[in-house]
Amino acid sequence: MSINSAIQGLVARGLRSVDHLVVLLALRDSTVPLTMEDLVASTNLRPADVAGCLRDLVAGRIAEHDIKASSYTYAASAEDRVAVDALALLHTQWPETLTKLFDSDPPPPIKSFSSAFRLRIDREDQ
């Protein structure tokens, strides 16, 4: 599998933004499980944003949640790890490029919302 398809697979499974990547990299770089509070402190993201990122990453099987310990760990497969490492390098060396990549393809709800306005404008022009 190519690195591009591996990255696309991560995006399809929950790595939807630079914030998601920042949370995932914090988990990857930790030698111990992290709580949500640990992640808020280390990423400087709002608690609601960290919670949303964690929900997506756990659902995509890129992170694991230990409910009893209320902690999270990095759980990427070997194939995913190669893609995450490539994204980490891109994040470190060319953060603007990475941001543009995520922003160039907004999530479906935003696409749908903007499409509704585009359709309405088209109708009014006719």
Rg/Rh over Cα atoms for region 1-57, Kirkwood Rh, comes to 1.01
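What's the exposure ranking of 37, 96, going from fewest to most Cβ atoms within 10 Å?
Numbers: 37 11, 96 7.
Lowest count first: 96, 37.
None of the figures in this text is laboratory data; all of them are computed from the coordinates on show. Because the structure is a prediction, the values reported are computed rather than measured. Methodologically, a virtual Cβ is constructed for each residue, glycine included, from the backbone with ideal geometry; neighbour enumeration extends over all protein chains shown.
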